[in-house]
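First comes the structure, then the notes that go with it.
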Amino acid sequence: MSTNPANEPGDSLAENPYVLVAGGVALGVLIGMLVPRSRKERELLEGTGRQIAGKVTGTVQAVKEAGKAEFDALLPSRDDAKERVTSLFGNLVDAAKGAAQKA
């Protein structure tokens, strides 16, 4: 690194070219957003937009179903939960009877 401050910005850009690439991409996106779409562009890209939207919708649905299946697998079944509650209630009743007998 040089002691001359005028050389530092050039040195840092030469060391990290990704900053230039990111700046170029950001500038391209900004210009693309500001330039209005032509009629021909709309005609050509309309089908592609619908295809992408359909694929995204299908993917979102598949993710929701997979998440629901994972969530359902984590929850105990209704019969298992009923058995656990019955067992817990029975243990509480037994503990109360034992405490009453000792008193």
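Summary of values
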read-out: Å² per residue, accessible surface of the chain at 1.4 Å; value: 92
read-out: Within the accessible area of the chain (1.4 Å probe), percent carbon and sulfur; value: 64
read-out: Label-point separation in nm, residue 46 to residue 102, each point 7 Å along Cα→Cβ; value: 8.1
read-out: Dipole of the chain, positive end: most advanced residue of 60, 99, 27 [Cβ charges, Cα centre]; value: 99
read-out: Label-point gap, in nm, between residue 66 and residue 16 - each point 7 angstrom along Cα→Cβ; value: 3.5
read-out: Option label - mean projected area of the Cα convex hull in nm² computed here, alternatives (i) 18.9; (ii) 7.1; (iii) 19.6; value: (iii)
read-out: The chain, dipole about Cα centre (Lys/Arg Cβ +1, Asp/Glu Cβ -1), debye to the nearest 20; value: 620
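The values are calculated or read from the model by the stated rules, or taken from the named source; none is laboratory data. Quantities reported herein were computed from a predicted structural model and do not represent experimental measurements. No Cβ is skipped: glycine too gets one built from the backbone with ideal geometry, and neighbour counts run over all protein chains shown. These accessible areas exclude ligands, DNA and RNA; they are computed on the full protein's heavy atoms, side chains included. Shrake-Rupley method; radii C 1.70, N 1.55, O 1.52, S 1.80 Å.
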